[in-house]
1. With a ≥ b ≥ c the root eigenvalues of the C-alpha gyration tensor of the stretch 7-89, is it rounded (a/c under 1.5), prolate (a/b larger than b/c) or oblate?
2. In whole Hz, with x marking every Gly and Pro, tabulate ³J(HN,Hα) for the stretch 80-90 from phi via Karplus 6.51 cos²θ - 1.76 cosθ + 1.60, θ = phi - 60°.
3. Calculate the dipole size of the stretch 7-89 relative to its Cα centre from +1 charges on Lys and Arg beta carbons and -1 charges on Asp and Glu beta carbons; express the result in debye to the nearest 20.
4. List every residue whose amide H lies under 5 Å from the amide H of GLY122, counting only residues 5 or more places away in sequence or on a different chain, with H placed 1.01 Å from N in the peptide plane.
5. Which listed residue (PRO74, PRO139, VAL128) has the Cα farthest towards the positive end of the charge dipole for the stretch 48-157, taking +1 on Lys and Arg C-beta and -1 on Asp and Glu C-beta about the Cα centre?
Amino acid sequence: MQDSNLDVLLQQAEQAASQGAWGEALAALLEAADEHPEHAGAHSSLGACLLQMGRAGDSLPHFQRAAQLEPDLPEVYNNLGVACALAGLSQDAEQAYRKALDLDPEHLPAWKNLAVLYLDQGRPEEGVPILAALVQAHPADVEALLLLASCYEQAEDLVSARTLYQEALRHEPDHPQARAALERLNGHPAGGTRVARAEHARKLAGLKARRKGTAGDQTKDSQSDNE
């Protein structure tokens, strides 16, 4: 009976979330986690709901509890890392992503999130090679292609950026971010097709480091998440 009630609450939460009714979803998930405190899925879903509501700090205890209950699942540590990053706990986020990768070295969401974390911290020499390796290993991964393309664009290597955006569109012809990026790059010279190699990643990291060094002291804006 208790398991049946849990299923009902989780279904209610899922339906409410699909309609954007996050308050209703939250109420159902709070009841589920309260009645079934040992259910990792209830805590994970509750944490995800709180993230959607912009309450990263409140989500942390639930993702931490899920990790305690399911310590062998890389997904729970990746989720915990996202929550820590959004809460401004960069070191804790890195540790969580690393734990996910210890459990599963091929866990792509954790690799991408770790790369983004490094880039947001001004550590391109660590973030860019991760994205370059992901693109090499998974050339059809549009998210990785766009992340790496954005890095090249920021470093003003527009040839490589254009090529990566075009490759993303080859896999998803209607992708709005890739289309907007190519429109943004209109008027710049085209060319080059070999990108995301190790030497290119090192070059890009050096470019970004030099640009940062000559830009003077700046206050870093906080970022919001991806999904």
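Every number here is computed from the coordinates shown, using simple stated rules; none is lab data. Just so we're clear, the structure is a prediction, and the values are computed from it rather than from any experiment. Virtual Cβ from ideal backbone geometry, glycine too; neighbours counted across all protein chains shown.
1. oblate
2. 3J(HN,Hα) across the stretch 80-90, in whole Hz: 4, x, 4, 5, 5, 4, 5, 7, x, 9, 5.
3. That gives a dipole near 360 debye.
4. none
5. PRO74
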